[in-house]
Structures are given as structure tokens and as C-alpha cells.
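What follows is a set of notes on a single structure, which appears directly below.
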Amino acid sequence: MGDASAATYDHDLEVLVIGAGFSGIYQLYHYRKLGYSVKIFEAENDLGGVCLSRNRTTYPGIRVDMPVPMYEFSLEELWKDWWWTERYPGQKELFAYFAYVNEKLDVKKDVCFGTRVVEAYFNTDENRWIVKAENAMVSIIRRTGLEEKTIDFKGKRVGVIGTGASGVQISQTLGGMAEEHAPEKLIVFQRTPNLALPMRQTKLDRETQEKDKVHYPTLYRRRRQTTAGLHYDRFPKNFFDASPEERLLLLEHLWQTGGFSFLFANFQDVLTNRDANNEVYAFWRQKVWERLKNPDLREKLAPTVPPHPLGAKRSSLEQNYYDVFNNANVQLVDTLSCPIEEITPQGVKTADGVEYELDLIVLATGYRWAIHGVDGTTIKDKWKEGVYTYLGLTCAGFPNLFFVFGPHGPTAVCSGPTCAETEGEWIISCIKSLRENNMTRIEATREAEINWRQQVMDEAAARLFSTAKSWYMGANIPGKAVEILMYTGGAAKYTRICNEVAEKGYEGFIISKV
Ligand SMILES: Cc1cc2nc3c(=O)[nH]c(=O)nc-3n(C[C@H](O)[C@H](O)[C@H](O)COP(=O)(O)OP(=O)(O)OC[C@H]3O[C@@H](n4cnc5c(N)ncnc54)[C@H](O)[C@@H]3O)c2cc1C
């Protein structure tokens, strides 16, 4: 089955999907069924999106934070014959999953790989996008650039800069290696402690999954109705309305359950009431302290005073992250009190003049991405002073253009596959409705996006997110406006609002034809 080639598709398409991750594949699947001419342009060389692109994101210990069966498509034709081996799948297994998706859905025949969209203009005479793509070059420099298979850590002095999701996964993997493979020294450079939660990873066998699959249809329906796009939701009681015994019972239960349940199945006001959040933080801190022998490390990794409310910044899921700091070869350097000044030929130099000699440095500092609107403005320019979208799905001045899992949608506070499906379905039925009504152009009004931006801001103001300096707020990119980038009112409410807009004849949009 040969892959499509970009050169072959320099003719008209009814729908062009950019990106072959969960969102793009889901779009392709449905447009094919509806009989549209559709292709995907994908910059990388395989399916699976950002957490699978072999050339961009790979590091020791890489895995997802959603338990089976949440990080997969809810299509029965896919889940019924697919078996995972771990509750929180790692990258290798996800590669296998997307290969299986391809086997079942024959996705690749409609994907132009190695094809990066670099520019797009809207032709107002024909109501069509003219898209320019080029062959993507495979980069040999990886941001978090080490592969377990190709790099031998044994006896090396390794520095990990950053304690976000990748930093935690890399540190616990390298720090927990058996002596015969372990680095001589692992130095973790931490600016902000990650308030990491227990993953409770387990192996999965086929028999258990066979039994569980009876419940999958219910779970997948449920994940569309919850705050975080998962199969559980907040406990319907405020923290201080519960007795101390009840509080402890729920916190302990969630702690043992593991995963994001500690945030998203907790008392309903934990992300809105600072006092409740402080209590939950104190519980979390105590649990972490019990695992750390050194009092100084306790204070650095789980400070007495919360660095920010729990959940206001992305917590990672960890397996043995805190335990590895008890190992003699693992050291933590606090770069908040003493920032990194320079990467030197020998290693890393901090502001106090200390130079840490390192053989390998892992930059676990995160990931960063010209579409011209009708007046020639690019999205980047449009968002210079702040993000404006309508429903987190499109924006004024950019007709017939939709995005999934983007800014002003529930995105980072919702499961990726859930967003891919719920937002994706909204877009698909919108495009279908245009065709049924012989319309060729849909564009959000400026007024609608101003109102949506306000709703996004209002939802965030009722929560604790803005109290943390994080990528949720765009605070990780210098020069970018610091403001909430997600709709934080919950995925279920978000979907309801989007559906109401559609039911009201796509309120807030101007629909027309040539
Ligand atoms: C290590 C890691 C772990 C994660 N774990 C979780 C998790 O546990 N739960 C969760 O919900 N989310 C997780 N995520 C977030 C994850 O990004 C989303 O869940 C999911 O990938 C979103 O799918 P998507 O298809 O919308 O976007 P993406 O996966 O980002 O796919 C977008 C695709 O578009 C392509 N592309 C981008 N620009 C262009 C262009 N100009 N031209 C052509 N192609 C382009 C990219 O190459 C990519 O393949 C994780 C991310 C990482 C990196």
C-alpha cells in the first residue's frame, strides 16, 4: 500500500486535513465515509501526531498519561480487536497502535507524508484555500533528543534541564536504571517543582481487557460528558462541606486509584477554591515527603508553601520519580534560586559560578508552530496581542478553516482523543451542512470571537489557573501575551455550547456562496 505523494495532489480537494494525529485521522475517516475528496498533508513520516513523530519527540521513558482505554479512538471497529500490554501505554506500543489503525482503516493511502504546509491564502472569488506545502526535512536535532536504543547512558554524567512531563519521565527512567546500565551521575535542573501524581502503572492482559470491553461503549459515551474528557468526573461536593473523615477517605481513595483522578475526580471546588486546594496540596506534599529521605530535597520537590495551586499547572504522572532522588547518583539543582547562566563545552554553569560537568544534556524544556486570512494578515500577527478564536475552532478573517485541539478549546485540560472526536464531529457536521445547503463559505464574525474570548476569560477567572506561570497561560514563550489559552469550563459544557451554536443555524457565523 503506497503512501500518497504531495506532488500527486496539486489538484482540487474538497477537504484538506493538516496533520495525521488523532484529530486528522478521525477527520479523514468521516469525510471518506461522506464521499468527500480528502487528503491529509503530514509534515512527518508516519501516523500518530506529536507524541509519536519519530523525528521530533522521543526520549527514555516516553508514555502517555491517560489510562487504557482513554488514549485511543472510540470506534468499535478499532478497539474490539486491539490489546494493550500496559495501562499507560509507552511510545513503542502507540506506534504499534497507529500501525494497527492503518491496517484497519487504510489511512496511509490518503496521507502525503513529509509534506509540511508552509503557506495558505484564501481565494475569495472561489471560496477556496490555496495551500503551499514543501517536503519537510528530517531534523537530526531533537529537542528532547535521546533515544534509549541509540545512546548508552552507562557511566555517563547526564543533565536533565526541565521538570515538565518529559523531564519527569526521563528523570525517573534514567534515575531508576539498574546499576549495570545506569548513568554515573544524573543531575536534574529544576526551576518549578512538578506537582506530579502517581500513575499506578500496571500490566494488562487480554483476559482483563476482554471483560472490560463490555463497558467500553458506556465509557466512551461517558468521556464526552465529563469535565476532562475522561471516564470520571468531579466529586459533587465542596471540600469543606465534607467531614474531615470523608475528605481523607476520598483523597486516599483517589491517591490509590492514581492518574488524573486526583485532580478531576476530586471535590468539585478543588480547582476553584484556594483554601480547598491548599488542603489537597498538603495531602499531596505529605505523600511525597514520605518517599524522600533528605529534608532539603523534600522542601525543593514538594515545598511547604505551594509554588502554585495543584492542577493550575500541568501535573505529570510519575512512577518512581520521587524515589530516584534517594539514589546516590541522582542530584537536584534548584535553578529558581540559582538560574542556569550558560551551557558550556563542559556542561552547565549556574549563576553561583558552579559548573556541572556533563557528558549528555537532555533539554526537556517543551515544544513550540503562514496562514494568511482574507486581508493578508497571518494568524501569528492576528494573535500578537492576544488570542481570538470562535469556539476554539476557527477565527474571523479565516473562512473555511477549522482547527482541533487548539487554543480556546478545552485542549490541555481534556483528553486528546476525546477532543479529536467531539470537536472533529462538530466540524464534520458543519461542513456537511454547508454542502447540503449548497453553501461554500463559512466565517466567524469578529463579534462572535470577541464574545468567545470573553467567555474563555470568565471561565478562567473563576478558577485557579491564572495563579500559576505556565504554558496553560502562554507564559513559557517570551513576548507572548500571558493569558489563559484554554476553555476551562469543562469539555462537556464546551461541547454543549458548540452544539447550541449549530442548532441555532451556526450563530456567530456568516454563511454564503460564490
Ligand atoms: C509525550 C507526550 C505525551 C502526551 N500524553 C498525552 C496524554 O496522556 N493524554 C492526552 O490527552 N494528551 C497527551 N499528549 C498531547 C497530545 O498531543 C494529544 O493528545 C494528541 O496528540 C492530539 O492529537 P492531534 O491529532 O490533535 O494533534 P497532534 O498529535 O499534535 O498532530 C498534529 C500533526 O500535524 C502535523 N503538522 C503540524 N504542522 C504541520 C504542517 N504545517 N504541515 C503538515 N503537518 C503538520 C504534525 O507533524 C503532527 O503529526 C501528549 C503529548 C506528548 C508529546
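Probe 1.4 Å, all protein chains in place: accessible area of F264 in Å², nearest 10?
For F264, solvent-accessible area is about 30 Å².
Considering only DSSP states other than H, G, I, E and B, which GluC sites (Glu not before Pro) in region 284-340 qualify as loop sites with at most 16 other Cβ atoms within 10 Å?
E290
List the lysines whose Cα sits under 21 Å from the Cα of K300, skipping any in the same chain fewer than 8 residues away.
Within reach: K185, K287, K313, K349, K469.
What aspartates and glutamates could a cross-link reach from K380, if we take a straight Cα to Cα line under 13 Å and drop same-chain neighbours fewer than 8 places away?
Partners found: E119.
V305 accessible area, nearest 10 Å², 1.4 Å probe?
Ignoring ligands and nucleic acids, V305 comes out at about 110 Å².
Alpha carbon centre of region 239-270 versus region 160-189: separation in Å?
30
What is the projected area of the convex hull of the Cα atoms of the chain, averaged over all directions, in nm²?
Result: a mean projected hull area of 25.0 nm².
Any lysines with Cα under 21 Å of the K39 Cα? List them, leaving off those in the same chain fewer than 8 positions away.
K104, K108, K109, K132, K432
At a Förster distance of 56 Å, what's the computed FRET efficiency of V514 paired with K293, Cβ-Cβ distance as r, to 0.05?
Taking R0 as 56 Å, the efficiency between V514 and K293 is 0.20.
Which semi-axis lengths, in whole Å and largest first, follow from the square roots of five times the eigenvalues of the Cα gyration tensor of region 211-271?
Computed over region 211-271, the values are 24, 13, 9 Å.
Can you pull the Rg over Rh of region 379-514, Cα-only, Kirkwood?
Using Cα coordinates only, the ratio equals 0.97.
By how many nm would the segment from K80 to N123 grow when fully extended, if each residue of separation counts as 0.36 nm and the alpha-carbon distance is taken off?
11.1 nm
By the gyration tensor of its Cα atoms, with a ≥ b ≥ c the square roots of the eigenvalues, what is the shape of region 185-324: rounded for a/c under 1.5, prolate for a/b over b/c, or oblate?
oblate
When the helix-only estimate is applied to the chain (DSSP H runs of n ≥ 4, each -39,500 (n - 2.57), divided by the residue count), what is the mean residue ellipticity at 222 nm, nearest 500 deg cm²/dmol?
Helix contribution divided over all residues of the chain: -9000 deg cm²/dmol.
The values are calculated or read from the model by the stated rules, or taken from the named source; none is laboratory data. Everything quoted here is computed from the prediction, not taken from an experiment. Note that each Cβ is placed from the backbone with ideal geometry, even for glycine, and that neighbours are counted across all protein chains shown. What goes into the accessible areas is simple: the full protein's heavy atoms, side chains included, and nothing from ligands, DNA or RNA. Shrake-Rupley method; radii C 1.70, N 1.55, O 1.52, S 1.80 Å.
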